[in-house]
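One structure is given below, encoded as structure tokens.
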Amino acid sequence: MADKLGWQGRFYEDFEVGDRYRHPLGRTVLAVDNSWFTLLTQNTAPIHFDRHYAAQTEFGQPLVDSTFTLALITGQSVTDISQNVFANLGWDEVRLPNPVFEGDTLYSQSEVLETRASKSRPDVGIVKVRTTGFNQDGMTVISFIRTVMVFRRGKAPLMPRPV
């Protein structure tokens, strides 16, 4: 039986401006995700965890913590964008045009906006992408520009392999 390697992620040389990646996994946001994330981050806004309070707002139900949405959509993009990351450099232009509710299923895609060699680190390149997250109805719930340093092919640390 021959060993076959799974997806290893993209390296700097694999990115081309204009490429678009439809990230493969969606994720349904559960009430427990929202309440735990709110607690973990010490977010005290009752609209995220107090159903009685949230029912009195125009939304009529709890809103999912927006930083959870940012974390989830960033996480969905890792398999295509930053599996071989050296470092995240930043998130810019974060926009939240529509709310996320418990029970929504989120999907995402990214487009490569820019690539350039690092001037200070020869083992990496810099990649800038625009990532968009949308719900099960196709409504955009978040968009942002993310800049990452990605290892060049052959320069990333070796992953341990089972024997």
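Here are some notes:
- Within region 123-138, considering residues that are free of Cβ contacts under 8 Å to residues at least 24 places away in the same chain and assigned to a loop (DSSP other than H, G, I, E, B), the one surrounded by the fewest Cβ atoms within 10 Å (Cβ to Cβ): Gly138
- Considering region 112-121, the residues that are of a type outside the set (A, V, I, L, M) and surrounded by 15 or more Cβ atoms within 10 Å (Cβ to Cβ) include one that is nearest to the chain's Cα centre (by Cα), namely Thr115.
- Members of region 58-110 that are of a type in the set (Val, Ile, Thr) and either part of a strand (DSSP E or B) or under 23 Å from Leu30 (Cβ atoms) (or both): Val64, Thr67, Thr69, Ile73, Thr74, Val78, Thr79, Val85, Val94, Val100, Thr105
- Of all the numbered requirements in (1) under 19 Å from Asp19 (Cα atoms); (2) surrounded by fewer than 15 Cβ atoms within 10 Å (Cβ to Cβ), Thr74 misses one, and that requirement is (2).
- Contact map, region 83-106: residues that are over 12 Å from Thr140 (Cβ atoms) paired with residues that are charged (D, E, K, R), Cβ distance under 6 Å, separation 6+ or inter-chain. Pairs shown: Trp91/Arg146.
- When Val124 is tested against (1) over 30 Å from Pro157 (Cβ atoms); (2) β-branched (Val, Ile, Thr); (3) touching a Phe, Trp or Tyr at 6+ places or on another chain (Cβ under 8 Å), just one condition goes unmet, and that condition is (1).
- Of the residues making up region 15-41, those that are closer than 28 Å to Val124 by Cβ and either free of Cβ contacts under 8 Å to residues at least 60 places away in the same chain or in a loop (DSSP other than H, G, I, E, B) (or both) are Phe15, Glu16, Val17, Gly18, Asp19, His23, Pro24, Leu25.
- From the options Thr38, Thr79, Thr57, residue that is out of contact with any Gly (no Cβ under 6 Å at 6 or more places or on another chain) and within 16 Å of Arg22 (Cα to Cα): Thr79
- Any hit, region 64-74, residues being touching a His at 6+ places or on another chain (Cβ under 9 Å), of a type in the set (Val, Ile, Thr) and more than 30 Å from Ala156 (Cβ to Cβ): yes
- Filtered residues of region 150-163 (kept if surrounded by fewer than 20 Cβ atoms within 10 Å (Cβ to Cβ) and under 30 Å from Val29 (Cα atoms)): none
- Residue within region 19-29 that is of a type in the set (Lys, Arg), closer than 19 Å to Gly133 by Cβ and in contact with a Ser or Thr (Cβ under 6 Å, 6 or more places away or on another chain) present: no
- For region 11-46, filtered to residues that are of a type in the set (Lys, Arg) and within 14 Å of the chain's Cα centre (by Cα), the residue that is surrounded by the most Cβ atoms within 10 Å (Cβ to Cβ) is Arg27.
- Among (1) assigned to a loop (DSSP other than H, G, I, E, B); (2) under 19 Å from Phe68 (Cβ atoms); (3) in contact with a helix residue (DSSP H, G or I) (Cβ under 9 Å, 6 or more places away or on another chain) - the single one Val141 does not satisfy: (1)
Taken together, the values in this text are just the output of simple stated rules run on the coordinates, not laboratory data. In this text, all values refer to a predicted model and were calculated from it rather than measured experimentally. Because the Cβ atoms are built from the backbone with ideal geometry, glycine has one as well, and the counts that use them run over all protein chains shown.
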